[in-house]
1. Which aspartates and glutamates have a Cα less than 13 Å from the Cα of Lys581, not counting those fewer than 8 places away in the same chain?
2. For a Förster distance of 35 Å, can you work out the FRET efficiency between the beta-carbons of Arg466 and Asn307, rounded to the nearest 0.05?
3. So which aspartates and glutamates can Lys69 reach, going by Cα to Cα under 13 Å and dropping same-chain residues fewer than 8 places off?
4. On average, how much area does the Cα convex hull of the range 352-455 cover when viewed from any direction, in nm²?
5. Taking 10 °C and 1.306 mPa s as the conditions, I'd like the Stokes-Einstein D for the range 2-239 in µm²/s, using the Kirkwood hydrodynamic radius from alpha carbon pairs.
6. Run through the range 352-445 and list the trypsin sites (Lys or Arg not before Pro) located in a DSSP loop whose Cβ has at most 11 other Cβ atoms within 10 Å.
7. In deg cm²/dmol, rounded to 500, what helix-only [θ] at 222 nm does the chain give when every DSSP H run of at least 4 residues adds -39500 (n - 2.57) and the total is split over its residues?
8. P(r) tail for the chain, what percent of Cα pairs lie past 44 Å?
Amino acid sequence: MKAVILAAGAGRRMYPLTEETHKCLLPVGDSTLIDRMLEGLLQVGVREVLLLTGYREAQLRAHLGTEYKGMALRYVPNERFETTNNVLSLLLALQGYDLQDEFLLLEADLIFDFSVLRRAVDSSAENVAILAPFKSGMDGTVAELRDGWVHDIIPPERQQRDGVTRFKTVNIYKFSHSFAYGPLLRMLDYYTSQFEENCYYEKILGMLIYAGQLRLKGEVLAEEAWAELDDPHDVVRAQAIFDGQRLLNQLEYNFGGLWNFPVVDFNFIRNIYFPTDSMIEEIRQKLPDLMHNYGSRQAVMDGKMANFLRCSEEPLILLNGASQAYPILAEFYAGRKVLIPSPTFGEYARVFPHADTFRDHPDESRDLGDRLGCYGLVVLVNPNNPTGTLWPTRQIWDWVQAHPDVEFLVDESFIDFSGEGSLTALPGLQNLVVLKSLGKSLGVPGLRMGYLYTHKQALHDFFKARLPIWNHNSLAEFFLETGLKHRDALQRSFQATRQERERMGALLAASPGMTRVWPSYANFFLVEIAEEVDLEAMLRHMLRLSGIYVKDISSKVGCRALRIAVRTESDNDLFLECWKKCYPLAARAISAGRA
């Protein structure tokens with residue numbers, strides 16, 4: 001078995017990383033791209049490699065030499081790499097050398113599990129394309145399959161949304177000698193001489209399939225990891241994908257941007273059942289107009305939010321995410337004696353660093369009412385994050401009424417999942433402030449919406465003076481508009497979450513290594529983990545096996561614990577199945593450490 005690696009391009013989209021370095025010499029983990037690729041080729045029995053070179057050829061030659069662990073390396077320069085594309089590089093390879101056997105064709109900017117190559121080598125078909133399920137964010141050439149065979153190869157300029165299921169080409173192929181030195185070589189020679197040299201070789205493959213000259217088997221990857229490195233962001237993603245601990249570190253550092261990583265998110269909490277597909281389609285169709293327009297001014301947005309919530313507009317201030325409120329609240333309540341739950345959402349301890357705490361625990365906190373009168377501000381998160389505990393709305397209301405000299409800041413970000421009503425539906429009191437993050441309940445944290453609701457005019461004016469005239473984007477504004485006719489679907493989504501929460505809670509309680517599942521009235525669970533489970537190993541294994549991302553919050557709650565989001569039934573079943581598979585590995589890891 002032999003291989004051809006296309007490595008002539010300059011990788012300009014990768015600048016500045018490739019200004020002084022060939023793209024395939026970029027490090028990913030403890031190895032370069034090209035070294036990883038050659039290691040994989042060795043594992044499947046490749047003993048000779050043709051490297052199509054151009055940009056920084058001398059650098060590549062100096063790094064690799066003419067032999068790699070017994071594998072012979074030959075270099076085929078494309079002197080016109082700056083004005084041509086890999087269609088000419090492949091032609092030069094086939095014209096310059098008769099490989100005399102089937103061979104693998106790869107592009108040099110790939111990183112993959114070595115099992116990916118095995119899929120090509122072990123296939124019984126003579127000509128094979130490695131494909132992957134198409135996901136949002138992928139670009140480049142795609143393939144259409146019929147009965148497992150490639151029916152069409154479609155470059156970006158011919159792609160359209162038409163409901164057809166397509167697969168991303170991974171840029172790894174296996175070709176027979178008869179095809180490569182017959183139809184492929186003839187078409188490469190003809191097309192480059194008569195039409196163009198600045199295109200991708202996959203365009204030629206598409207022509208040959210259409211002409212009936214190529215029968216190409218599509219091998220679709222399942223759990224095998226791979227990545228194509230086109231720009232600097234891809235390098236970060238690849239570093240993470242192929243190093244479980246690095247990926248965990250990167251995810252925790254990013255605090256978002258998860259679309260860049262192959263994960264199923266059980267860490268960040270949102271309503272998984274909303275918005276509906278029809279809402280998303282409405283937004284998709286409107287997106288060009290929304291991108292080209294400003295959102296309305298703050299006063300207009302407050303009115304639209306009031307319409308959406310069916311509440312009075314005067315006490316309402318729409319926020320660019322609830323997080324916008326924290327520095328303003330810290331400024332307004334500076335010098336007050338504050339009481340907050342512990343544990344709770346970390347922003348409250350950050351903005352009120354000298355606050356006293358009460359322990360939020362399902363077995364305690366019933367004596368809280370006796371302490372309230374000692375404070376200028378009492379913060380309640382209801383239901384609380386990360387514990388999921390809940391105070392009855394009427395109980396809080398009674399406290400607010402009974403302590404008119406104490407101000408109450410009540411965070412209701414998860415109230416919709418609890419079955420309890422909101423305090424905003426009750427008569428307004430001057431010492432009550434309700435804060436809510438809407439990303440959780442509406443399922444759109446990326447739109448950055450939240451609100452503050454207060455009848456305290458001084459606080460209301462204080463906020464308004466600190467908000468810009470354009471505080472929201474047009475996408476969030478349109479979401480509020482279209483959401484008016486989807487209120488019933490929103491309520492159904494809360495009910496669906498509550499039902500799935502009950503099912504998931506019972507399954508978690510029966511899972512190995514989970515010693516306690518706290519009762520939850522939100523869309524997540526706080527789960528205490530047994531001592532025999534190496535949590536770091538468990539999270540790394542789950543991320544690698546099924547792309548499951550969940551966060552260790554032990555340091556926040558004073559016990560070994562995870563906070564696990566409630567997602568769809570299929571996602572939750574995936575989590576539980578993965579946990580059971582990884583449990584012996586994580587338990588074994590800690591046992592080995594003790595030994």
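1. Within reach: Asp573.
2. Working from the Cβ atoms, E equals 0.90.
3. Partners found: Asp35, Glu39, Glu48.
4. On the way: hull surface 28.1 nm².
About 7.0 nm², averaged over all directions.
5. Values: Rh = 18.0 Å.
The calculation lands on 88 µm²/s.
6. Filter output for the range 352-445: Arg366.
7. -11000 deg cm²/dmol
8. Numbers: 60910 of 176715 pairs.
The share of Cα pairs beyond 44 Å in the chain comes to 34 percent.
The numbers here are math on the coordinates, done by the rules we state, and not lab data. Note that the coordinates shown come from a computational prediction; the quantities given were computed from them, not determined experimentally. FYI the Cβ positions are ideal-geometry reconstructions off the backbone, even for glycines, and counts take in every protein chain you see.
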